[in-house]
Amino acid sequence: MPPKAPFVISEYVRWGDIDLAGIICYGAYIRFFELAETEIFRAAGLPFKEMFDRYDMWLPRKIMHTEFFSPAVLDERLKVITYFSRIGTTSLTINFDVMSAEGVLHATAHQVLVCVARSTFAKKALPAEVTSALQRFVMAPEDARKAA
């Protein structure tokens, strides 16, 4: 198994991400989080379509929490540090730290995703293969920020 480390993507603040004040709109962070989430699962060998089909499951959000620290601006290149702080029996907590290339922390977020059956949306256990594949990205926020 590869050593534990957060997953990091880079993405620019685009025209559609900013508001009239010329800074990133808080809702635009959702796009960054979705990109990072999709790619961390892919990096773990679990592309969404394949994972959802193979295990007959979905991972809807139960909690979305974001804190904002410093505004990002148009064309600023941001890195999204992504990792899991908890993997339970039926849910997992994914974390996102959005920073500038210079290390300025713009926002942090965590989301709780719950494993459910696709046909009924009834809660079900996370497949052992999914839990195992994500282990290399499980870490405390402090460790993820140091490693990135």
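In whole angstrom, and with the biggest value first, how far do the Cα coordinates of segment 26-119 range along each principal axis?
42, 22, 21
Of 64, 99, how do they rank once you tally other Cβ atoms within 10 Å and put the fewest first?
Going from least to most buried by this count: 64, 99.
Looking only at Cα atoms, what is the convex hull volume of segment 49-102 per residue, in Å³?
Here the figure is 133 Å³ per residue.
Counting only residues 5 or more places away or on other chains, whose amide H sits under 5 Å from the amide H of residue 88 once H atoms are built in the peptide plane?
Result for residue 88 returns 93.
Listed here are the pairs 79/124; 62/124; 49/146; which of them are more than 25 Å apart at the Cα?
79/124; 49/146
Which aspartates and glutamates have a Cα less than 13 Å from the Cα of residue 123, not counting those fewer than 8 places away in the same chain?
Excluding near neighbours in sequence, the set is 56.
Taking other Cβ within 10 Å of each residue's Cβ, how do 46, 78 sort, fewest first?
Lowest count first: 46, 78.
Would you give the gap between the C-alpha center of segment 87-113 and the C-alpha center of segment 1-53, rounded to a whole Å?
If you average the Cα positions of each part, the centres end up 10 Å apart.
Sort 105, 59 so that the residue with the fewest other Cβ atoms within 10 Å of its own Cβ comes first and the one with the most comes last.
So the residues, fewest neighbours to most, are 105, 59.
Going by alpha carbons, how many degrees (0 to 90, nearest 10) lie between the helix axis of 29-43 and the longest principal axis of the chain?
Relative to the chain, helix 29-43 is tipped by roughly 40 degrees.
Computed from the coordinates by the stated procedures, all read-outs in this text should not be read as laboratory data. Not measured: the values here are computed from a predicted model. With ideal geometry, Cβ positions are generated from the backbone for all residues, glycine too; neighbour counts draw on all protein chains shown.
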